[in-house]
Amino acid sequence: MLRFHAPLRILAISLATAAAGFSALGPVPAAAQPRISDNVVKIGVLTDLSGVSSDNAGKGSIVAAQLAIDEFSKDRKVLGMPIELVSADSQGKTDIGATKAREWYDQNGVDMITDLTYSNVALAVIRIADEKKKFAMVTGAGASTISDDQCTAHSVHWMYDTYALANSTVPALIKKGMNSWYFITADYAFGNALEKDATAIILKSGGKVLGSSRHPLNSSDQSSYLLKAQDSGAQVIALANSGLDTLNTVKQAAQFAMVRGGKQTFTPLLSLITEIHGMGLANAQGMILTNGFYWDFDERSRAFGQRFFAVHKKMPTMMQAAVYSATLSYLKAIEATGTDDSDTVIARLRATRLDDAVIRNGQLRADGKMVHDMMLVQVKTPAESKGPWDLYKVLETLPGDKAFAPLADSKCPLVKR
């Protein structure tokens with residue numbers, strides 16, 4: 001990575017950013033001299049290392065953050081100061097996640113926390129970041145409230161939310177005549193938000209919801225919920241859960257002969273590539289899903305996917321890819337502005353269009369939501385797949401302003417009316 005003396009920094013950045021996929025929309029004042037708190041930029045990955053989403057995020061998120069740091073700078077420095085990476089397991093528990101975030105911000109000098117796999121943890125941490133004027137980049141949690149009524153001035157919602165997932169998948173299935181729905185929902189912040197957002201879109205699209213079953217997080221036995229869904233007669237069984245919960249639901253549905261040749265269509269409203277891989281194409285084939293990233297989309301995504309696979313031995317999920325994108329964008333913003341001050345960095349991110357190996361046509365809105373292209377995909381049949389991770393056909397690329405809720409509808413207090 002090229003280094004520049006301070007008098008040349010603004011000119012050099014303006015010439016280099018477009019090629020780096022980080023193009024400024026307007027001028028953002030750079031600091032006269034580099035200002036890095038504690039003389040180190042410290043990034044924390046607060047993830048799920050032991051729960052239902054450990055395969056979706058977990059160690060892969062840590063790998064993704066390290067790849068971003070290494071790509072940014074071979075010597076792992078920004079503005080001549082070292083970049084450090086720390087990680088911890090939130091265990092999906094609000095109190096553990098909040099305690100770790102306070103410890104990192106107050107005692108360990110962490111400047112930015114990312115991943116935050118669970119929505120309940122993310123909602124707690126973004127409030128702490130705001131209180132301490134630090135920074136949180138939510139890449140794993142999906143509840144739309146994170147960048148809606150619960151938004152903060154010191155957090156961003158980087159990859160997806162429950163509205164974008166539902167607003168892409170639901171209309172596609174209703175257009176196919178699948179009008180009646182039943183939900184199997186993980187009973188916590190994310191699952192409830194996903195069911196709520198999907199229900200509103202189903203009703204708006206002329207469909208109807210015949211019922212729902214809520215299960216505890218990390219529920220190994222889904223049989224009773226599946227039988228209720230089957231008895232409902234709904235055309236679509238929508239899974240508002242994630243990780244191992246989604247994987248177990250589909251595998252048990254296959255045992256009941258509800259997946260292959262059944263009269264009902266299963267749609268996991270959040271299902272990442274690791275889950276589809278775990279289900280097997282025989283069970284998952286034909287499912288229509290929404291994703292913000294797929295490793296085999298184009299040359300840039302494939303190049304990143306191969307770098308990630310070389311380290312992690314699995315292709316990156318949407319959540320893991322988001323950690324890479326957020327971390328790299330954060331470091332570029334620090335370099336461009338000459339400081340790791342959170343308000344300055346966030347202003348730079350908002351003034352920048354993002355087009356990298358992960359996020360396409362991205363723009364960070366006033367509510368902290370990263371709005372970008374999303375993909376409607378269909379799971380391939382075993383005959384169509386050419387390898388273990390060749391899992392999706394991209395049916396449609398959805399522009400961000402079509403996938404995400406309009407800014408005019410936002411309840412975020414940061415949005416000027």
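Based on protein heavy atoms only, the chain ends up with 39 Å² per residue of surface accessible to a 1.4 Å probe. Pairs from the list LYS176/LYS263; LYS204/LYS263; LYS251/LYS380 with a Cα-Cα gap above 19 Å: LYS204/LYS263. Taking Cα centre as origin and charging only the Cβ of basic (Lys, Arg, +1) and acidic (Asp, Glu, -1) residues, the dipole magnitude of segment 33-127 rounds to 160 debye. Packing-based ranking of 251-260, 196-205 yields 196-205, 251-260, ordered from highest to lowest mean Cβ neighbour count within 10 Å.
Alpha carbon centre of segment 43-70 versus segment 221-285: separation in Å? Their Cα centres are 26 Å away from one another. DSSP finds beta bridges in the chain, and of those with both partners inside it, around 35 percent are antiparallel.
Kirkwood-type hydrodynamic radius, segment 253-302: 12.2 Å, calculated from all non-identical alpha-carbon pairs. Across the chain, C-alpha contacts under 8 Å between residues 6 or more apart give a mean separation that, scaled by the residue count, equals a relative contact order of 20 percent. When each of the peptides 104-117, 402-415 is scored by the mean number of other C-beta atoms lying within 10 Å of its residues, the order from highest to lowest reads 104-117, 402-415.
Computing semi-axes √(5λ) of the Cα gyration tensor in Å for the structure here picks out one of (i) 37, 21, 20; (ii) 32, 23, 20; (iii) 38, 26, 19, namely (i). By a straight-distance test (C-alpha under 21 Å), which lysines pair with LYS332 as possible cross-link partners, with residues fewer than eight away in the same chain excluded? Candidates past the 8-residue exclusion: LYS42, LYS74, LYS77, LYS133, LYS134, LYS369. How large, in percent, is the carbon and sulfur part of the accessible surface of segment 100-234 at a probe radius of 1.4 Å? Carbon-and-sulfur percentage of accessible area, whole number: 45. Taking +1 at the Cβ of each Lys and Arg and -1 at the Cβ of each Asp and Glu, which of THR265, GLY191, HIS154 sits farthest along the dipole of the chain towards its positive end, judged by Cα position relative to the Cα centre? The residue sitting farthest along the positive end of the dipole is THR265. Stretching ASP221 away from LYS204 to a fully extended chain increases their span by 2.8 nm, per 0.36 nm per residue minus the current alpha-carbon distance.
The values are calculated or read from the model by the stated rules, or taken from the named source; none is laboratory data. Because the structure is predicted, anything quoted here is derived from the model rather than measured. Quick reminder, even Gly has a Cβ in these numbers, built from the backbone with ideal geometry, and neighbours come from all protein chains shown. To get the accessible areas, we keep the full protein, side chains included, count just its heavy atoms, and leave off ligands, DNA and RNA. Shrake-Rupley method; radii C 1.70, N 1.55, O 1.52, S 1.80 Å.
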